[in-house]
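Undergrad: Pasting a structure below so you can have a look.
The values are calculated or read from the model by the stated rules, or taken from the named source; none is laboratory data. Predicted, not measured: the structure shown is a model, and the values here were computed from it. For neighbour counting, all protein chains shown are included, and Cβ atoms are generated from backbone atoms with ideal geometry for every residue, glycine included. Ligands, DNA and RNA are stripped out before the accessible areas are found, and what is left, the full protein with its side chains, is counted by its heavy atoms. Shrake-Rupley method; radii C 1.70, N 1.55, O 1.52, S 1.80 Å.
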Amino acid sequence: MQLNLKELYSYIFEVKASTERILKSLSYGEMKKKVSKERKEYLKSLNVVSNHENAIWLIDYWCNKDIRGLIQMPFSRHWIMHIEASLRIRNKIHL
């Protein structure tokens, strides 16, 4: 198994472009909105976050913030988490 760097970079640039489009489309009033209970339940139903007690708090954490709070969340901590996960994946590929 080998990591396709071209595809990884393509994904990164697509996420960046999509994020910029979303941010530019938000009004000031929308920035004060919180995630609805229905949306929160929908997120839970997708099983994108583990149901384990060490992870399930994450949905509550995200959903208790307004859009502005989510945008202002420290990127560095979030990136570090993903970099560490990427390194674990890389290490498993290159065993």
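Undergrad: What whole-number volume per residue, in cubic angstrom, does the convex hull of the C-alpha atoms of the chain give?
TA: Expressed per residue, the convex hull around the Cα atoms of the chain is 133 Å³.
Undergrad: Continuing with the same structure: If Lys and Arg each add +1 and Asp and Glu each add -1, what is the summed charge of the other residues whose beta carbon sits under 10 Å from the beta carbon of GLU30?
TA: Residues near GLU30 contribute +2 overall.
Undergrad: Please give me the summed charge of the neighbours of ARG39: other residues whose Cβ is under 15 Å from its Cβ, Lys and Arg +1, Asp and Glu -1.
TA: Here the charged neighbours net out to +1.
Undergrad: While we're here: Find the all-direction average of the projected area of the Cα convex hull for the stretch 54-95, expressing the result in square nanometres with one decimal place.
TA: In nm², the orientation-averaged hull projection of the stretch 54-95 is 3.8.
Undergrad: Per-residue accessible area for TYR61 at 1.4 Å probe radius, Å² rounded to 10?
TA: Roughly 80 Å² of TYR61 is accessible to a 1.4 Å probe.
Undergrad: Springs between alpha-carbon pairs under 10 angstrom, Gaussian network model over the chain: which of LEU58, LEU26, LEU46 fluctuates most?
TA: LEU46
Undergrad: Is the shape of the stretch 3-49 rounded, prolate or oblate, going by the alpha carbon gyration tensor and its root eigenvalues a ≥ b ≥ c, with a/c under 1.5 for rounded and a/b larger than b/c for prolate?
TA: Since a/c reaches 1.5 but b/c is at least a/b, the shape of the stretch 3-49 is classed as oblate.
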